[in-house]
Amino acid sequence: MSPYQINPSTSSASPVPPQSLAKPQEIDGLLAGAGYKVRSSDLRQVAQRLERLETAMLNSPSHHLSLLASDAVLYNPSDLSNWVDSLLSELNQSQPLPSLPSDLSDPTALDNPWIDHPSPLPHHTIIPQPHNIDTAAAATTPTNNNNQLTVVTAVEEDSGIRLVHTLMTCAESVQRGDLALAGSLIEDMQALLARVNTGCGIGKVAGYFIDALSRRIFSPVGGVASAGSVYENEILYHHFYEACPYLKFAHFTANQAILEAFEGQDCVHVVDFNLMHGLQWPALIQALALRPGGPPLLRLTGIGPPSPDGRDSLREIGLRLAELARSVNVRFAFRGVAASRLEDVKPWLLQVNPKEAVAVNSIMQLHKLLGSNPTRESPIDTVLNWIRRLNPKIVTVVEQEAKHNQPSFLDRFTEALYYYSTMFDSLEACALQPEKALAEMYIQREICNVVSCEGSARLERHEPLAKWRARLTAAGFRPLHLGSNAFKQASMLLTLFSAEGYSVEEKEGCLTLGWHSRPLIAASAWQAVPDGGGSGSPSGVIGSSGNNTGVML
């Protein structure tokens, strides 16, 4: 489910030149020629009755709608005014219509006896029908159930279209700085949400984007990061990992590339930019244990945020991985580096040995370094610089395939709406309901950061593979081709998921995973280009640091 394609520039009405306005007689002629028995002067009244009909349908029990659906086909919809009045009268016999908002009131409609003198019938009453059709029986047939579904679906679809249009208009107002208009549109969208299914489809996605826009409009300048606690983020990350194949694809693909880069090496060292429960590394440990000629010595340095409760969570993860390594006879050493931001990590903390084969692993982390700071070097340039000085055999990079770092808020919003609509579509295929619900919360936090935050608070600055290719090449890296084994691993992974919408594609030596025709994440591998005349040895040194933890087997 992707949102409707909308040109933002057409979202607001433009004045029509007087010479282009048609006369009422001409409009009446066009309507008559098209077969509609209604005058142009009556269109406003018909539109208001349609609004009333929509409200009545949304507030009626399903068995009342069954009566309406079974009869609706008996009226001639070309006679718009009488057709709508007939439907309203029929529905009123089943249930009184709720009061309407004041902005929909129509003085000419107040004389309608249907409004002033409602006469609801008992639920079991059978309304006489032409051709002796028994409504109670007809409502139970599949055909008339389909009619009912069609009527309700049409109302939801219309509300969904208006919801997307209003979202775009609100984003355009935010970009112009018209926060008063944007705030009023938030109220309009919340009313529209009541008319659509918010459990799936555009209703669910729109709800998250309305919440993010509200935070941006009604919060202080810069936005609210809404990052949550470290513990919450780890829990949501884990459920996102379980619910869908995106993180599994990232881990499997990176592990296969690292395994091939470490071939024939006796001492290997992996630097992981986001340890997160160590979910990626059991598979690599087991693969190294089965390597012909025996496993190497594996050192793992995991970077992660400090634990707010004083626990040494990085060490706990290291101990669990050490137990696994011992069970499969892999020599293993672990070191944890606690850092709130990746740019705060200094290369000497990693304790890289010149005799080691080094792999640097970044799963959806580099985009957080793309914010600019006029007082110092760009964080992404700083980190890519010291990665290159480590002289790694391989750098694995997985990033969202999206354009969420554009300077224009409206462009960023439009791209995010399309991207996350596709992401939520793919989650609908998830059979694990608890994991799915928490995975959606994980994505919701990304949406909130993309839409509501600016400056240093905006961390989710996703960029497409083409931009990463140009940036990494300029920083002194050359691409490594992800071989056929990585493609096979990723394809086998998808067989674990019953949905057929997921697809893996190879693109210039890189792999993408997407939903149907839309790639959502991209995996690539890189190698540092040695300096001419340089020794090629890494700049990290062996040393000790009281702020970091280690486990050795």
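The values are calculated or read from the model by the stated rules, or taken from the named source; none is laboratory data. Please read all numbers here as calculations on a predicted model, not as lab measurements. Note: ideal-geometry Cβ built from the backbone for every residue, glycine included; neighbour counts use all protein chains shown. Note: areas computed on protein heavy atoms with side chains; ligands, DNA, RNA excluded. Shrake-Rupley method; radii C 1.70, N 1.55, O 1.52, S 1.80 Å.
What do you reckon, is E440 of a type in the set (D, E) and within 15 Å of the chain's Cα centre (by Cα)?
yes
For region 207-296, which fully contained helices (runs of 4 or more DSSP H) count at least 1 residues that are farther than 22 Å from R335 by Cα?
230-243, 246-261
Go through region 227-243 and count every residue that is at pLDDT below 85, open to solvent by less than 50 Å² (accessible area, probe 1.4 Å) and among the aromatic types (F, W, Y).
The total comes to 0.
Looking at region 180-226 only, could you name the residues that are at pLDDT below 85 and among the basic types (K, R)?
Across region 180-226, the qualifying residue is only R195.
Do we have P354 as more than 32 Å from the chain's Cα centre (by Cα), touching a residue at least 24 places away in the same chain (Cβ under 8 Å) and surrounded by fewer than 21 Cβ atoms within 10 Å (Cβ to Cβ) here?
Here the answer is yes, as P354 does meet what is asked.
Report yes if some residue within region 319-332 is open to solvent by 30 Å² or more (accessible area, probe 1.4 Å), part of a helix (DSSP H, G or I), of a type in the set (A, V, I, L, M, F, W, C) and at positive phi; otherwise report no.
No, every residue in region 319-332 fails to be open to solvent by 30 Å² or more (accessible area, probe 1.4 Å), part of a helix (DSSP H, G or I), of a type in the set (A, V, I, L, M, F, W, C) and at positive phi.
Against the definition (of a type in the set (G, A, S), surrounded by 15 or more Cβ atoms within 10 Å (Cβ to Cβ) and either in contact with a helix residue (DSSP H, G or I) (Cβ under 6 Å, 6 or more places away or on another chain) or at pLDDT 95 or above (or both)), how does A466 come out, yes or no?
no
Select from region 434-454 the residues that are in contact with a Ser or Thr (Cβ under 7 Å, 6 or more places away or on another chain) and of a type in the set (A, V, I, L, M, F, W, C) and list them in ascending order.
Correct list: C448 only.
Test A416 against the criterion of being surrounded by fewer than 19 Cβ atoms within 10 Å (Cβ to Cβ), touching a His at 6+ places or on another chain (Cβ under 9 Å) and assigned to a helix (DSSP H, G or I), and give yes or no.
Spelling it out, it is not the case that A416 is surrounded by fewer than 19 Cβ atoms within 10 Å (Cβ to Cβ), touching a His at 6+ places or on another chain (Cβ under 9 Å) and assigned to a helix (DSSP H, G or I).
Is it fair to say R445 is under 16 Å from K368 (Cα atoms) and either of a type outside the set (K, R) or not in a helix (DSSP H, G or I) (or both)?
For R445, the condition - under 16 Å from K368 (Cα atoms) and either of a type outside the set (K, R) or not in a helix (DSSP H, G or I) (or both) - is not met.
Conditions first: (1) open to solvent by 50 Å² or more (accessible area, probe 1.4 Å); (2) in contact (Cβ under 8 Å) with a residue 24 or more places away in the chain; (3) farther than 18 Å from I447 by Cβ. G183 passes all but one, so which condition is the exception?
The single condition G183 does not satisfy is (1).
Take the residues in region 150-165 that are among the charged types (D, E, K, R) and farther than 8 Å from R195 by Cβ; name whichever of them is modelled with the lowest pLDDT.
By that ranking, first place goes to E157.
Pick out the one residue from K403, K355, K346, K368 that is among the charged types (D, E, K, R) and under 23 Å from D266 (Cβ atoms).
Just one listed residue meets the conditions, K355.
Go through E446, E428 for me and flag whichever is among the acidic types (D, E) and surrounded by fewer than 20 Cβ atoms within 10 Å (Cβ to Cβ).
Being among the acidic types (D, E) and surrounded by fewer than 20 Cβ atoms within 10 Å (Cβ to Cβ) holds for just one of E446, E428, which is E428.
Kindly evaluate L300 against the criterion of being modelled with pLDDT of 95 or more, open to solvent by less than 30 Å² (accessible area, probe 1.4 Å) and farther than 20 Å from E260 by Cα.
Considered against the rule, which asks whether it is modelled with pLDDT of 95 or more, open to solvent by less than 30 Å² (accessible area, probe 1.4 Å) and farther than 20 Å from E260 by Cα, L300 comes out as no.
If I ask for residues that are among the charged types (D, E, K, R) and under 22 Å from F424 (Cβ atoms), which ones from region 168-202 would you list?
R195
If a residue must be open to solvent by 70 Å² or more (accessible area, probe 1.4 Å) and either touching a strand residue (DSSP E or B) at 6+ places or on another chain (Cβ under 7 Å) or on the phi < 0 side of the Ramachandran plot (or both), how many such residues does region 485-509 contain?
Residues that pass the stated criteria total 11.
So E323 passes all but one of these: (1) at pLDDT 95 or above; (2) within 26 Å of L482 (Cβ to Cβ). Which condition number does it fail?
Single failed check for E323: (2).
Would you confirm whether any residue within region 345-365 is hydroxyl-bearing (S, T, Y) and farther than 22 Å from A257 by Cβ?
No, because not a single residue in region 345-365 is hydroxyl-bearing (S, T, Y) and farther than 22 Å from A257 by Cβ.
Is there a residue being more than 23 Å from L465 (Cα to Cα), surrounded by fewer than 17 Cβ atoms within 10 Å (Cβ to Cβ) and more than 32 Å from the chain's Cα centre (by Cα) anywhere in region 333-342?
No, every residue in region 333-342 fails to be more than 23 Å from L465 (Cα to Cα), surrounded by fewer than 17 Cβ atoms within 10 Å (Cβ to Cβ) and more than 32 Å from the chain's Cα centre (by Cα).
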